[in-house]
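Everything on this sheet refers to the single structure shown next.
The values are calculated or read from the model by the stated rules, or taken from the named source; none is laboratory data. Worth saying up front: this structure is predicted, and the values here are computed from it rather than measured. Every residue, glycine as well, gets a Cβ built from its backbone with ideal geometry; the counts of neighbours run over all protein chains shown. Note: areas computed on protein heavy atoms with side chains; ligands, DNA, RNA excluded. Shrake-Rupley method; radii C 1.70, N 1.55, O 1.52, S 1.80 Å.
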Amino acid sequence: MTTNQKNSNTKKVSLFLLATIFILATALRFFHLDRELGGNDENAMLLYFGYSPLKIIATTYWDANNHIFHSLLVRLMGFWFGEENSIAIRLPTLLFGLAGLWMVYRVALELFNSQLIARMALLIATVNPVHIHYSQTARGYSLIIFFSAAMILLSLKILRSQTVAGRGILITACGFFSVYTIPTNIYFLLGLGVWIIVVLLLPDPKNKFFKSREERREKGVLFLKVAVAISILCSLAYAPLLKQMVDTIKKHQLISIETQWNSISVLIPAVLERVFPDNLLLFLPLLIFGFFYKKSRDHYFPQFLPLIIFFLPFVITLINGVGGYPRNYLFNFPLLIVLMAAGMGKAGDLCRPLFRNSEAPRWIALGICSIYCILSVNTLFQKYYPSLKTSTGEEYQNNLLQHTQSHDLFAIQSPKNYLYARKRYRNNLLSILNDNQLSGFHLITPREYDPLEYAPTSGAKTFSIIQRFWSSINFETFDLDNKNKMTLMTKPNSNSNSLIPDQIEELIQWKVFDGKGTVSKMKMPTAQDQIALKLETSKENEMIVLGRVPGDVSITRPSIAVLVWTLKMKYNEEMIQPNLVVDVASPRGTQSIQVNMSRINQRMNMHLSHRDSLFSSSDWFLRSSVGVIPPGNYSFSIWLKCNKGQTLIYDEFRLFIIELADKK
């Protein structure tokens with residue numbers, strides 16, 4: 001057999017092995033990819049940001065769950081393939097996860113020039129539980145693993161190559177998108193930058209990176225340009241968000257040096273445990289062996305690269321007090337995996353004197369790798385996969401559709417159940433607003449939950465007053481799935497028209513009740529003859545505005561009041577929800593009583609736009625609140641509060657009174 005034939009066969013075997021490992025990687029990550037959305041912070045990400053217009057995603061950071069670049073990708077996938085399509089929503093993390101495996105392989109090959117180390121690194125990353133988890137969960141962590149590995153690889157390529165312009169552009173893009181996904185990834189960039197500075201300053205006697213002083217200078221200038229470009233891009237991208245980010249850092253319970261997660265003695269072991277969970281911690285000594293693997297292509301690697309990138313971020317966290325969960329430091333994943341593979345290779349080398357066979361170190365390293373993979377797969381199938389919810393939410397959705405009409409309003413007790421009811425809720429709320437009609441109100445809760453305990457906001461329970469009317473209560477219920485039920489709080493197919501007709505500006509006269517500010521009416525540019533109410537206050541003053549609903553209303557049976565409104569405001573701005581007040585005649589004269597109204601489904605963040613599309617820039621919100629009204633004769637008023645230095649625009653109000661269902 002000729003040398004060319006041997007080389008050809010070797011390449012075929014190598015390609016077969018790589019293909020086999022990637023097929024395994026894809027299968028492990030597709031398993032349960034279609035599970036219901038909402039676990040592991042997916043719920044918060046999707047409801048707060050993932051279903052928002054692109055402009056809002058890119059310009060708001062009031063919660064650390066907004067991994068902006070990832071959130072933008074999720075929004076695109078939801079727009080193209082459906083907001084409840086779990087596979088589509090998780091597809092970006094899956095693709096970046098698989099691409100990250102290839103980057104781990106390439107980094108290992110670049111550092112050690114050893115197919116054995118590279119293949120072992122690829123295999124142990126393939127079966128790694130944390131990598132699988134974040135490759136099939138709609139969060140941004142698989143993206144930062146990919147970008148960090150890509151930047152390490154590109155940095156090494158630039159240092160070794162004479163053609164660097166194209167790679168400079170790529171490393172700039174990777175650096176920007178990594179920080180635009182998770183801001184704390186700037187720590188990784190600083191660590192990588194310090195290592196590059198060390199390489200540029202230290203002597204290179206074997207000319208591994210630089211053949212001349214001029215080449216060293218040129219590459220130094222290139223890296224400087226890359227750093228400046230990344231800084232400019234990140235500054236431009238985060239400029240609208242800086243104040244919000246500072247406020248988030250101050251408020252977020254896990255971004256403070258006073259919390260245990262940012263105690264270095266706790267955080268470092270937690271990061272290692274995150275990458276090597278359960279029994280895999282037994283292999284941690286191999287990381288130390290990896291530093292002494294003698295086949296490294298570059299004498300700078302074992303001493304500097306992993307040490308600087310791993311430890312420098314913790315030093316920065318200790319100094320500035322800004323950190324996060326251990327998963328925020330998963331940019332360490334590629335180097336830790338590569339070091340683990342190198343440690344396996346070193347363990348094999350240490351056993352060389354015990355065997356005469358020259359291939360013994362190789363087989364020992366593969367044996368250790370096999371044991372590692374067996375334990376990792378055991379963790380996957382014994383702990384990780386069983387912990388996942390495999391329901392698709394289809395039963396919940398179908399039963400919700402079956403037991404609700406197009407003009408029914410429903411409240412959901414637990415935010416965990418928002419996702420698969422969101423579309424129906426939004427469509428119904430729009431129909432109620434546009435058609436000025438409400439046909440029923442229902443409450444979705446866990447099966448053993450008492451509806452009278454419902455309290456969506458802090459304060460009094462919304463429906464507890466019902467106990468004053470009836471001694472025993474048993475509303476009709478339907479099971480939505482094996483965990484949740486829907487309680488019909490009103491009579492089926494009840495129809496209620498709004499007490500406030502469409503032309504609100506002609507029928508409600510608004511006046512300042514307390515405080516100081518400006519009340520005006522403005523014509524909406526996107527709707528013919530539509531007038532909106534505008535409230536403005538200065539930085540020194542706040543204001544309460546009162547508007548009386550025309551006419552008196554006689555209520556003969558205990559009923560539910562439903563208030564629906566549209567509002568334009570800044571996304572992260574605090575505001576007081578509209579209050580519903582009733583005027584009641586009494587022997588002492590007319591008394592004003594505030595109805596206990598609770599805003600429902602708060603975290604769904606229903607956006608409204610006259611041009612509702614992916615690129616809508618609307619700041620309009622569609623909101624609703626409910627409360628219980630006892631029998632009596634009433635006249636209604638709506639009270640609006642405008643905080644200091646605030647501008648609020650209300651477009652439409654709807655007020656419905658609908659009778660509670662009869663007791664059984």
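Worth a mention:
- Rg/Rh for the stretch 556-605 (Cα atoms only, Rh after Kirkwood) is 1.08.
- Solvent-accessible surface ranking, highest first, for Trp195, Trp80 at 1.4 angstrom: Trp80, Trp195
- Per residue value of the accessible surface for the chain (all protein chains in place, 1.4 Å probe), Å²: 45 Å²
- Separation of the Leu452 and Leu242 label points, Cα + 7 Å toward Cβ, nm: 5.5 nm
- Residue-wise HN-Hα couplings along the stretch 156-161, as the Karplus relation 6.51 cos²θ - 1.76 cosθ + 1.60 with θ = phi - 60° gives them from phi, are 5, 5, 5, 5, 8, 9 Hz; Gly and Pro carry x.
- Summing Lys and Arg as +1 and Asp and Glu as -1 over all other residues whose Cβ lies under 11 Å from the Cβ of Ser161 gives a net charge of +3.
- A cut-off under 13 angstrom between Cβ atoms defines the neighbours of Thr590, and their net charge, with Lys, Arg +1 and Asp, Glu -1, is 0.
- Extreme residue, positive dipole direction of the chain, given options Trp510, Thr404, Phe31 (C-beta unit charges): Phe31
- Computed over the chain, relative contact order equals 13 percent, with contacts defined as Cα pairs under 8 Å that lie 6+ residues apart.
- One chain, two ends: Ile23 and Asp514. Fully extended at 0.36 nm per residue, the span grows by 170.0 nm beyond their Cα-Cα distance.
- Checking the cross-link pairs Lys383/Lys485; Lys55/Lys570; Lys516/Lys644; Lys416/Lys570; Lys416/Lys491; Lys516/Lys539 against a 19 Å limit on the alpha carbon distance flags Lys383/Lys485; Lys416/Lys570; Lys416/Lys491 as lying beyond it.
- Nearest-0.05 FRET efficiency for Ser414 and Phe355, computed from C-beta distance (R0 51 Å): 0.25
- Theoretical ellipticity at 222 nm over the chain - DSSP helices of four or more residues, -39500 (n - 2.57) apiece, nearest 500: -14500 deg cm²/dmol
- Whether the stretch 1-106 is rounded, prolate or oblate, judged on the alpha carbon gyration tensor where a/c under 1.5 counts as rounded: prolate
- Candidates per trypsin sites (Lys or Arg not before Pro) in the stretch 360-464, loop by DSSP, up to 12 other Cβ within 10 Å: Lys389, Arg447
- Sequence of Thr556, Thr26, Thr477 when ordered by accessible area, the most exposed leading, probe 1.4 angstrom: Thr556, Thr477, Thr26
- For Asn633, neighbours were defined as the other residues whose beta-carbon sits under 14 Å from its Cβ, and their charges (Lys and Arg +1, Asp and Glu -1) total -1.
- Gain upon complete extension [Lys383, Glu218; 0.36 nm per residue less C-alpha separation]: 54.3 nm
- Ordered from longest to shortest, the equivalent ellipsoid semi-axes for the stretch 319-447 are 58, 19, 11 Å, each the square root of 5 times a Cα gyration tensor eigenvalue.
- Calculated FRET efficiency, Leu202 to Asn493, Cβ-Cβ distance, R0 = 56 Å: about 0.10 to the nearest 0.05.
- Estimated distance in nm for a label pair at Asn279 and Arg603, the labels positioned 7 Å out from Cα along Cα-to-Cβ: 3.6 nm
- Given their separation in residues at 0.36 nm each and the Cα-Cα distance between them, Asn9 and Asp34 gain 5.1 nm when the chain is fully extended.
- Dipole of the chain, positive direction: furthest Cα of Thr647, Leu116, Val584, with charges on the beta-carbon: Leu116
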